[in-house]
Amino acid sequence: MRRRFLLFTAALTLPGVALAQSTSPLRIEQPFARATAPTARAGGAFMTIVNTGATADRLLRVETSVAARAELHTTTMEGDVMRMREVPGIDVPANGKATLAPGGFHVMLMELKAPLKAGDTAPLTLVFEKAGRIDVKVPIVPLGAQPDMQHKH
């Protein structure tokens, strides 16, 4: 009897969990990744994370099936040399946005399992400190192309 009660209680909470995820204050806009050469071992993914909520959040990590691992990186200039380095997270301010763009913060896809081909999509799961997991299908654009400015998740 106790087991049935626990199962019933758990079932009642599931719609609330789905509702909480669908009402996240975070929205992913303009996601894209550039196509890679056939021999490339790494690629980058870019997007804008919009936070319409009154509480700041933080992107902690990214998961994907297209690479052995995904890292959060930033690009900095050291003299005349552009360098990338891994960062532990990317802050998304309350009522603001975080821009992941070439030359700045981005998702580095390391040890690609196959080349990123224009016209395909790459599945990413963004893991946030407060909002939890958000799945994004990232369009792969030709090298040098501009992203679709209307694409949102």
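The values are calculated or read from the model by the stated rules, or taken from the named source; none is laboratory data. Predicted, not measured: the structure shown is a model, and the values here were computed from it. As a convention, Cβ positions derive from the backbone with ideal geometry for all residues, glycine included, and neighbour counts pool all protein chains shown.
Please go through the stretch 124-143 and give me each residue that is within 21 Å of Thr23 (Cα to Cα) and either of a type outside the set (A, V, I, L, M, F, W, C) or free of Cβ contacts under 8 Å to residues at least 40 places away in the same chain (or both), ordered by number.
Within the stretch 124-143, Thr125, Glu129, Lys130, Gly132, Arg133, Asp135, Lys137 meet the criteria.
Given the conditions (1) closer than 20 Å to Ala68 by Cβ; (2) surrounded by fewer than 17 Cβ atoms within 10 Å (Cβ to Cβ); (3) touching a Gly at 6+ places or on another chain (Cβ under 9 Å), report the number of the one that Leu116 does not fulfil.
Just one mismatch for Leu116, condition (2).
For the stretch 41-55, how many residues meet the condition of being among the hydroxyl-bearing types (Ser, Thr, Tyr) and either crowded, with 21+ Cβ neighbours inside 10 Å or in a strand (DSSP E or B) (or both)? Please lay out each step first, then the result.
Residues of the stretch 41-55 that are among the hydroxyl-bearing types (Ser, Thr, Tyr), as a first pass: 48, 52, 55.
Applying the additional criterion that residues be either crowded, with 21+ Cβ neighbours inside 10 Å or in a strand (DSSP E or B) (or both) yields 48.
Looking only at that region, the number is 1.
Which pairs have Cβ atoms under 9 Å, sit 6 or more apart or on different chains, and link a residue in the stretch 44-59 that is under 13 Å from Leu100 (Cβ atoms) to one that is crowded, with 23+ Cβ neighbours inside 10 Å and among the charged types (D, E, K, R)?
Qualifying pairs under 9 Å: Ile49/Asp57.
Write out, first by first residue and then by second, each pair whose Cβ atoms fall under 9 Å of each other, whose residues are 6+ apart or on separate chains, and whose first residue, in the stretch 14-39, is in a helix (DSSP H, G or I) while the second is at pLDDT 90 or above.
Ala20/Gly132; Gln21/Ala131; Gln21/Gly132; Gln21/Arg133; Gln21/Ile134
Does the stretch 15-37 contain any residue that is modelled with pLDDT under 95, within 16 Å of Glu129 (Cβ to Cβ) and either of a type in the set (A, V, I, L, M) or surrounded by 14 or more Cβ atoms within 10 Å (Cβ to Cβ) (or both)?
yes
Taking Arg34, is it basic (Lys, Arg) and touching a Pro at 6+ places or on another chain (Cβ under 8 Å)?
Considered against the rule, which asks whether it is basic (Lys, Arg) and touching a Pro at 6+ places or on another chain (Cβ under 8 Å), Arg34 comes out as yes.
If we keep just the residues of the stretch 59-81 that are surrounded by 15 or more Cβ atoms within 10 Å (Cβ to Cβ), over 9 Å from Met108 (Cα atoms) and not aliphatic (A, V, I, L, M), which is farthest from the chain's Cα centre (by Cα)?
Among those residues, the one meeting the criterion is Thr75.
Using the structure shown, decide if Val107 is free of Cβ contacts under 8 Å to residues at least 24 places away in the same chain, touching a strand residue (DSSP E or B) at 6+ places or on another chain (Cβ under 8 Å) and among the hydrophobic types (A, V, I, L, M, F, W, C).
Numbers: free of Cβ contacts under 8 Å to residues at least 24 places away in the same chain: no; touching a strand residue (DSSP E or B) at 6+ places or on another chain (Cβ under 8 Å): yes; among the hydrophobic types (A, V, I, L, M, F, W, C): yes.
Against the criterion (free of Cβ contacts under 8 Å to residues at least 24 places away in the same chain, touching a strand residue (DSSP E or B) at 6+ places or on another chain (Cβ under 8 Å) and among the hydrophobic types (A, V, I, L, M, F, W, C)), Val107 does not qualify.
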